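The values are calculated or read from the model by the stated rules, or taken from the named source; none is laboratory data. Small disclaimer: the values here were computed from a predicted structure and weren't measured. So basically every Cβ, Gly included, is an ideal-geometry build from the backbone, and we count neighbours across all protein chains shown. Side chains included, ligands, DNA and RNA excluded: accessible areas come from the protein's heavy atoms. Shrake-Rupley method; radii C 1.70, N 1.55, O 1.52, S 1.80 Å.
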Amino acid sequence: MDIDPLTFNINPSKIEEKITRKTKGIIPVHLFGQCADMDPILRIANSNRLFVIEDAAQALGSEYKPDPKTRVQTAGKMGDFGCFSFFPTKNLGAFGDAGMVVTKDPVLAERTRLLRVHGSHPKYFHKLIGINSRLDTLQAAILLVKFRFLDQWTQKRQEMAKRYEKLLGNLAATLAGFQLPVTQYENRHIYNQYVVLAPERDRLRQFLQEGGIGTEIYYPVPLHLQECYAFLSHRRGDFPASEKAAEEVLALPIFPELTDDQQAYVAERIKAFYEKG
Ligand SMILES: Cc1ncc(COP(=O)(O)O)c(C=O)c1O
């Protein structure tokens, strides 16, 4: 189903029309570090008896509708499962591939533990057909050390997002189609990525590249147009908001070590691109 054009997260109003007798669950992705709109998603899941698996790969520490008076709803804790990635580009990155699955349900937890070791328990007695998905000790040791810095790194990213808003707010207000990230419900956005919508995105990207500024496109091809899903027979036009995002999104540099000067230079180059036309 299609995304919300402002947050790029799943659009809850499009979910129910897609549910069939075969539907088992909903997998909302907390994209770029902001939680998907979980209240309607959990309501729909409840009333249709569906699992919710949160893809919190980019959202470690992000919070949905934080309210100091009530329980904080953290990414990964709201559904039946929360899945996190510690791929090196994530806010908490390992030295290689790593990840984590969390669940509050002891039965599901036990099953997940079994699946990660080829379904074997005790060793060499296989109860299930699983996979090899262990987090190796070296990665765990690195993550434990880096974890101490996560909050301060996240705070840096949030400050940088605020700074981009200051530097580029005027451009966003005056240039049609140029959109800065939108935060819903005062969510705690952890800015794994800072993604803008930019007219003439590919030319802008090239211009920034020539100025020594690396950017990325998350993601150039929406799922329904990926070759691997051709068997679902979707066509261009089926999910217009996702298609528009794929053509216009651009992730600007954001990482704790980015300096104020570098950030100012990024903003200055973007403005220079649109000024020269
Ligand atoms: C939204 C999202 N989901 C899932 C993944 C997969 O995570 P991993 O590479 O750790 O398996 C990623 C990582 O790139 C991601 O960004």
### Net dipole in debye of the chain [+1 Lys, Arg Cβ; -1 Asp, Glu Cβ; about Cα centre; nearest 20]
960
### Query
Across bins of 10 angstrom width beginning at 0, how are the C-alpha pair distances of segment 121-214 distributed, in whole percent?
12, 26, 24, 19, 12, 6, 1
### Query
Of the accessible area of the chain, with the probe set at 1.4 angstrom, what percent is carbon plus sulfur?
55
### Solvent-accessible heavy-atom area per residue, rounded to whole Å², over segment 33-156 at 1.4 Å
61
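For the chain, compute Rh as the Kirkwood radius over C-alpha pairs and then the Stokes-Einstein diffusion coefficient at 37 °C and 0.692 mPa s; write the answer in µm²/s, rounded to an integer.
Numbers: Rh = 20.6 Å.
Translational D for this selection: 160 µm²/s.
Have a look at the DSSP beta bridges in segment 20-95 and tell me what percent are antiparallel, nearest 5.
Counting DSSP beta bridges with both partners in segment 20-95, the antiparallel share is about 25 percent.
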### Query
At 37 °C and 0.692 mPa s, what whole-number value in µm²/s does Stokes-Einstein give for the translational diffusion of segment 125-277, with Rh from the Kirkwood sum over Cα pairs?
179
### Message
Cut-off under 17 Å on the C-alpha distance; same-chain residues fewer than 8 positions from Lys166 excluded. Which lysines are left, in chain and number order?
### Response
Lys156, Lys271
### Query
Mean separation of Cα pairs under 8 Å and 6+ residues apart, divided by the residue count of the chain: what relative contact order is that in percent?
17
### Task
Be a star and scan segment 37-51 for residues whose amide nitrogen sits under 14 Å from the point 7 Å along the Cα-to-Cβ vector of Arg111.
50-51
### Query
When only Cα pairs under 8 Å and 6 or more residues apart are kept, what is the percent relative contact order across segment 1-51?
36
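What number comes out for the charge environment of Pro40, summing +1 per Lys or Arg and -1 per Asp or Glu over other residues with Cβ under 15 Å away?
Around Pro40, the charge tally is -3.
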## Note on the structure
Pseudo-spin-label distance Val72 to Gln209, built 7 Å along Cα→Cβ, given in nm, is 4.0
### Task
Just the number, please: percent antiparallel of the DSSP beta bridges in the chain, rounded to the nearest 5.
75
### Query
So, how do all the Cα-to-Cα distances of segment 91-157 break down into 5 Å bins, in percent, from 0 on up?
4, 15, 19, 17, 18, 13, 8, 4, 2, 0
### Query
Taking the highest mean first, how do the peptides 96-109, 2-15 order by number of other beta carbon atoms within 10 angstrom per residue?
2-15, 96-109
## Note on the structure
At 10 °C and 1.306 mPa s, the Stokes-Einstein diffusion coefficient in µm²/s for segment 186-262, with hydrodynamic radius from the Kirkwood sum on alpha carbon pairs, is 110
### Query
Count of lysine pairs in segment 52-139 with Cα atoms under 26 Å apart, counting only pairs 8 or more residues apart in sequence or on different chains?
10
